[in-house]
1. Would you calculate the convex hull of the Cα atoms in the chain and tell me its volume per residue in Å³?
2. Can you tell me, using C-alpha contacts under 8 Å and at least 6 residues apart, the relative contact order of the range 46-157 as a whole percent?
3. What's the angle, to the nearest 10 degrees (0 to 90), between helix 92-129's Cα axis and the longest principal axis of the chain?
4. Placing +1 at every Lys and Arg Cβ and -1 at every Asp and Glu Cβ, with all other atoms neutral, what dipole size does the range 83-153 have around its Cα centre, in debye to the nearest 20?
5. Round to the nearest 0.05 the FRET efficiency obtained for Cys71 and Leu119 when R0 = 35 Å and r is the Cβ-Cβ distance.
6. For Val123, what charge total do you get from the other residues with a beta carbon under 13 Å from its beta carbon, if Lys and Arg give +1 and Asp and Glu give -1?
7. How far is it, in nm, from the label point at Asp78 to the one at Val12 when both lie 7 Å from their Cα along the line to the Cβ?
8. Excluding Phe98 itself, calculate the net charge of residues whose Cβ lies under 15 Å from the Cβ of Phe98, where each Lys or Arg counts +1 and each Asp or Glu counts -1.
Amino acid sequence: MLVASLIVGGDVYYSLTRMMLTECPSVTDRVMQFNTVLLVKIALYLGLMLMISLYVSHRFAGPIYRFEKSCQSLSLGDLTHRVSLRTGDELMELQEEFNGMAAALQALVQKDRNLAQRLSERVEEMSKRLPEEADRAREDLTSLKVELDHLTKSFKV
């Protein structure tokens, strides 16, 4: 949009200047002086716009890049990873939500890991007593099956 405006504006200015110089050659020096000042101003404004554009895009692109890397870490199983943005970056609210989600997911997996560990210990204990207490083992295994069924039903897959 800015480039199109510059092209159209430059074309109109060039046409008007040529027409004016053709009809009034005595103002050539003043027009050339004005053109020099105008070109310097245009260069300064373009430089300023470029710096502002880089600053604004950096405030969005940096956080988006960090979120992308954090999602990759999480998908690879690193549930300890958290997003960390610089003060003043955009998307700070999303950072808090993402980190809260990662912490909740980590707590759920830790809870399941602890449950699996306890179940594993019970299975090992039962396997040692199995020959002596076959009836009791059947009851324990049934109880274990119920707990395992409960474990798998707590997630939406």
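Every number here is computed from the coordinates shown, using simple stated rules; none is lab data. Owing to the predicted nature of the structure, the values given are computational and were not obtained by experimental measurement. Methodologically, a virtual Cβ is constructed for each residue, glycine included, from the backbone with ideal geometry; neighbour enumeration extends over all protein chains shown.
1. Values: hull volume 21.2 nm³, N = 157.
Taking the convex hull of the Cα positions in the chain, it is 135 Å³ per residue.
2. Details: 43 pairs, mean separation 19.3, N = 112.
Computed value for the range 46-157: 17 percent relative contact order.
3. 20 degrees
4. Working: 11 positive and 16 negative charges, 59 e Å.
Roughly 280 debye for the range 83-153.
5. Working: r = 31 Å, r/R0 = 0.90.
Using R0 = 35 Å, I get an efficiency of 0.65.
6. Details: positive: Arg118, Arg122, Lys128, Arg129, Lys145; negative: Glu121, Glu124, Glu125, Asp140, Glu147.
Taking every Cβ under 13 Å from that of Val123, the sum is 0.
7. Going from the Asp78 label point to the Val12 one covers 5.4 nm.
8. Values: positive: Arg66, Lys69, Arg82; negative: Glu68, Asp78, Asp89, Glu90, Glu93, Glu96, Glu97.
After counting each charged neighbour, the total is -4.
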